[in-house]
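The values are calculated or read from the model by the stated rules, or taken from the named source; none is laboratory data. Here the structure is a predicted model, which means the values were calculated and not measured. Quick reminder, even Gly has a Cβ in these numbers, built from the backbone with ideal geometry, and neighbours come from all protein chains shown.
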Amino acid sequence: MMTLKLYMAQRISALIMAPLVLMHIAVMIYAIQGGLSAAEILGRTQGSVLWMLFYATFVVAVSVHAAIGLRTVLSEWAGLRGGLLNGIAWAILAVLLILGMQAVYGVTAT
Ligand code: HEM
């Protein structure tokens, strides 16, 4: 049951990331026209609720997806089980969420 929920969450997070990553690439191609500067990026992102939601959604999806995926790898490749396995997966989730949200705050806060 637990495994099924993790399986579903990893695939749903992958489905969420697919359009986000396409949008991300499109914005990058647009943004580098005529050079790229920090001022130009921050001019687009600072104070923008839409970009804040876009990147925050991206961070949550990647964090969930990576924590579950790496949990499977740690289980199969390192043979971890039970509380240790789940503890490390939760720690990966927490670190990715904290670092990611700090980055979102860094570029969108005014
Ligand atoms: C747009 C971005 C991404 C998409 C669309 C995506 C999609 C997928 C899909 C479809 C799978 C296959 C799951 C399966 O069949 O078992 C997968 C597995 C995996 N993904 Fe991602 N992924 C993305 C980004 C990431 C990132 C950033 C990480 C960072 C760690 C990651 C880590 C993993 C891992 C470790 C697995 C293997 C899980 C397993 O073996 O069961 N993915 N991903």
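Checked against (1) at pLDDT below 95; (2) surrounded by 11 or more Cβ atoms within 10 Å (Cβ to Cβ); (3) within 14 Å of the ligand (Cβ to nearest atom), THR3 meets all criteria but (2). Inside segment 69-108, residues that are among the aromatic types (Phe, Trp, Tyr) and within 14 Å of the ligand (Cβ to nearest atom) make up a count of 1. Contact annotation: residue pairs with Cβ atoms under 6 Å, 6 or more positions apart or on different chains, pairing a residue in segment 62-84 that is of a type in the set (D, E, K, R) with a partner that is more than 7 Å from the ligand (Cβ to nearest atom), are ARG71/ALA89.
Filter segment 54-87 down to residues that are charged (D, E, K, R) and part of a helix (DSSP H, G or I) and give me whichever is farthest from LEU20 (Cα to Cα). Going through the qualifying residues, I end up with GLU76. Candidates GLY35, GLY43, GLY47: the one that is loosely packed, with under 15 Cβ neighbours inside 10 Å, modelled with pLDDT of 95 or more and either part of a helix (DSSP H, G or I) or more than 10 Å from the ligand (Cβ to nearest atom) (or both) is GLY47.
Note on segment 9-29: residues that are over 20 Å from THR72 (Cβ atoms), surrounded by 11 or more Cβ atoms within 10 Å (Cβ to Cβ) and within 10 Å of the ligand (Cβ to nearest atom) amount to 3.
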